[in-house]
Structures are given as C-alpha cells and as structure tokens.
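Below: the structure, in structure tokens.
What follows draws every value from the coordinates through simple rules; no lab data is involved. Note that this is a predicted model, so its numbers are computed, not measured. Every residue, glycine among them, receives a Cβ derived from its backbone with ideal geometry; neighbour counts consider all protein chains shown.
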There are 2 protein chains.
Amino acid sequence: MYPKAQDAAKGCVLWFTGLSGAGKSTLASRLSEMIEARGRHVEVLDGDLVRQHLSQGLGFTKEDRDMNVRRIGFVANLLARSSCCAIAAAISPYESVRQEIRAMVDNERAEFIEVFVNAPLSVVEERDTKGLYRRARAGELKNFTGVSDPYEEPSNPEVVVHTGEESVEESAAKVLSFLEERGLLAAEAAKG
Amino acid sequence: MYPKAQDAAKGCVLWFTGLSGAGKSTLASRLSEMIEARGRHVEVLDGDLVRQHLSQGLGFTKEDRDMNVRRIGFVANLLARSSCCAIAAAISPYESVRQEIRAMVDNERAEFIEVFVNAPLSVVEERDTKGLYRRARAGELKNFTGVSDPYEEPSNPEVVVHTGEESVEESAAKVLSFLEERGLLAAEAAKG
C-alpha cells in the first residue's frame, strides 16, 4: 500500500495583517526560522515579493489591493494544501477580503490562522523605518493605509501580537504556542 | 531532534508545453490521479485557472504571455519546494521563458521536468475541440499559437509524449516511468 497524500501533515496559512511598519516581515522571517527548525517547511509570501512576481502593474486602489491580496491567498492555500506552513505578510487592510480568503482555504488539508500584527499608528509613524509615513503625510504617496486609506482591524483574529510593546521573540512565541495548541507543530521537547 | 524540513521528499515541477488542444490538461488531470494514488500530493496549475486567479487582465501578446508563464513558474517552484508535484499545463510557447523557469527552480529541493506534449498542428486543428482554431483562422482570435503566433518546440525536453498517436494511459505511463527513474516516485509494487 502506498501512503495516501491526504495523510500528510496538515498545512497552515499564517495570515499576518497590520499596518505598514508594524513588523510583519520581521516576525515572518523569525518565525520562518523557528518553524523550519522544528521540521516544517515554511514559505513566506511577503507583500513586496508578491507584488514583484505576481502583481506587477497593480497599484494601491482598493480594487488593485484586493486583487493582490486574493492572489496571495490563492497561492498560500495551494502551499498549505501541500503541508507547507505559508506565511502571508501583507497589510491586507480590508476585513471582507481576509474573510474571503479564510473561507477559501481548504479545511480538509489546512488551517487559516489570522495573526493581527497590532502596533498603533502613532508608534509605526514615529518609527517610520522606510520614511513612507512622512511621504504619505506630505501627499507624495496616495492610498496609504492608516493615513489616506482605511485599515480595518480583524474582528476575530486567532492571535494578536503587540509589536509596539513585545520583542520579536515574545510575539513569535505567541504564534508558536497557538500552532502547538492546534496540533500544527509538535510541542518543543522539555529542556534540561 | 526534530526532523529537518530539508529531509522531506524532493518535489518536482512537471512542466507541460504544447499547442492548444494537444491534451495537456487531460494528461495533467489523469497524471494527478495516478501520482496522488501513489502517495504524493499534486497540484495542477492549469493555464486557464491561473489566468483567472493570478493573471486577470493579461492578454496574449508576447509580453503578457511571458508574464503569465513566469507567474506559473514562480508558484510551481514554491509548491515543488514544499515537496509537492506541481504540474503546470500552459501552452508556454517560448523556449527562452521555459529555460528561465528551469533555471529558477530550486535544485536543492525540486526538479524541473519538461514534458513536451507533442501533437502536430494538423491533428489539433482537425480536432479543434474548443473551436478555437476555427476562430483563429477566421481572424477572430489574435496571437493564437500555431496560427498567428509562434510555437517554439523544446530543444531538450525530459519527456516527449505523442498525444496524436498515444492513449492518455500510454502518455501518462511515460511520465510516471521518468519520475520513477529519477527517484521522484516509488516504483509500483510488482503485481500478482
């Protein structure tokens, strides 16, 4: 008897949502290392990477953003169906589109886990690591989430991390705990 | 010790190329069942499906086709890195873009296998299952591969199937044999 492909480990879509500069990519990168070290394959679908490879030509109107986010969702679901832990790290500002993706994920093979990367606008704007908020306030960038475009907070996220107060390790630990609770990651062996 | 994700089974990109109507989707669908039955997860990236989910708005100029094919390649590589057997079934008429995708595939984790679905134009045009060749000859469809747009045959494909002469089962058997030879699929247990 061959093993059935459907016996393979359940995959997951870790869907990060939050303002620009909230720390989505940093957290995704750290979690990717930690989850890989525990034997699961991870792919990070970073907003910028995806715009380069799948969404050239799309802008930042609501319509274009929605299409970009749907494409990330489409690919994340395919990956999760393959037992991958797919981390999507894009602002994904609209609740309805995130819900659409949640509904699209193949529940037989994968779980959708929404992670709200919650840092207050005042904090990310103060940091402004890429200088984007300054440019948005100056009117140089249009449709900028949090400044000239809405950000709709998730109504019922599986995990909330407060990157304005927590270290990356603390935020990552919250996500790992959730994955363990859901049986998507083996609990770490006791130390000592 | 946790198992390392990189110890997971090597994935593959089965890249089908051939004229419209050559039987790419039919073969992809049959192979998908056969490979799944032997314990490997398969995702089929069909040209039409991908245009709907990843490439809305792209047309059939060389530039748009190339972008569509590159997007399929990007996703197929991500899937293959996750131990998936990703079957891409799109005309993908240009040799240079197929070579680009071959070069892009992560050789540590996956193999790129080009399958030339070779049916003569005369055969597919005679069949014309979707009535597309008739419309192309009538000038209703522009940039139609084989009629008003070039099809560049692969210079060195791993597998060639002759769907004008072979049954779907015969063509599928050729691909399965190749996967077995490359160690990407366990040889089928002896019968009887």
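Please report how far the C-alpha centroid of the range A:20-46 lies from that of the range B:129-164, rounded to the nearest whole angstrom.
42 Å
Across the range B:10-181, how many lysine pairs, 8 or more apart or on two chains, come within less than 19 Å at their alpha-carbon atoms?
Working: B:K24/B:K130; B:K24/B:K174; B:K62/B:K142; B:K130/B:K142.
The number of close lysine pairs in the range B:10-181 is 4.
How large is Rg over Rh for the range B:107-164, taking Rg from the Cα atoms and Rh as the Kirkwood inverse mean of 1/r across Cα pairs? Write down the numbers at each step before the final one.
On the way: Rg = 14.6 Å, Rh = 13.2 Å.
Radius of gyration over Kirkwood radius for the range B:107-164 works out to 1.10.
How far is B:E95 from itself in the other copies, in nm, if each label sits 7 Å out from Cα along the Cα-Cβ line, shortest first?
In nanometres, ordered from closest: 5.6.
With no solvent and one equal point scatterer per Cα, compute the Debye intensity ratio I(q)/I(0) for the protein assembly as shown at 0.09, 0.11 Å⁻¹ and report its log10, rounded to two decimals.
Log10 of I(q)/I(0), two decimals: -0.58, -0.83.
Over all distinct alpha-carbon pairs, what is the Kirkwood Rh of the range B:24-89 in angstrom?
Across the range B:24-89, the inverse of the average 1/r is 12.4 Å.
Counting GluC sites (Glu not before Pro) as exposed when in a DSSP loop with at most 14 other beta carbons within 10 Å, what is the longest stretch of chain A free of them? Display every interim value, and only then the final one.
On the way: sites that count: A:E108, A:E140, A:E152, A:E165, A:E188.
The longest such stretch corresponds to A:1-107.
Inter-copy label distances at B:G164, 7 Å along the Cα→beta-carbon direction, one decimal in nm, shortest first?
Copy-to-copy label distances at B:G164, shortest first: 6.8 nm.
Just counting partner chain Cβ atoms within 10 Å, what average do the residues of peptide B:47-56 show around their Cβ?
On the way: counts 0, 0, 1, 1, 0, 1, 9, 8, 3, 4.
Average per residue, whole number: 3.
Looking for one value pair here: nearest-to-axis residue in chain B (by Cβ) for the rotation onto A, and the distance in whole angstrom.
B:S82, 2
Say we join alpha carbon atoms closer than 10 Å with springs in a Gaussian network model of chain B; which of B:S92, B:S122, B:S55 then has the biggest fluctuation?
Among B:S92, B:S122, B:S55, the largest GNM mean-square fluctuation belongs to B:S122.
Measure nothing fancy, just the Cα-based angle from helix A:168-181's long axis to the longest principal axis of chain A, in degrees from 0 to 90, nearest 10.
40 degrees
7 Å along Cα→Cβ for the label point: how many nanometres lie between B:E188 and each equivalent label in the other copies, listed shortest first?
So the label point of B:E188 gives 4.7 nm to the other copies.
Taking just the alpha carbons, could you work out the radius of gyration and Dmax for the range B:85-133, both in angstroms?
14.3, 43
How big is the range B:10-181 along each principal axis, measuring the range of its Cα positions in Å and listing the largest first?
Cα extents, longest axis first: 46, 33, 28 Å.
So what's the gap between the Cα centers of the range B:55-122 and the range A:90-109, to the nearest angstrom?
So the two Cα centres are separated by 26 Å.
Given the options A:F16, A:F116, A:F144, which has the most mean-square fluctuation in a GNM of chain A, springs set between C-alpha atoms less than 10 angstrom apart?
Looking only at A:F16, A:F116, A:F144, the biggest GNM fluctuation is shown by A:F144.
Compare B:S29, B:S83, B:S96 in a GNM of chain B, Cα atoms joined below 10 Å, and give the one with the largest fluctuation.
The residue with the greatest mean-square fluctuation here is B:S96.
Given only helices, namely DSSP H runs of n ≥ 4 each adding -39500 (n - 2.57), what is the per-residue ellipticity at 222 nm of chain A, to the nearest 500 deg cm²/dmol?
-12500 deg cm²/dmol
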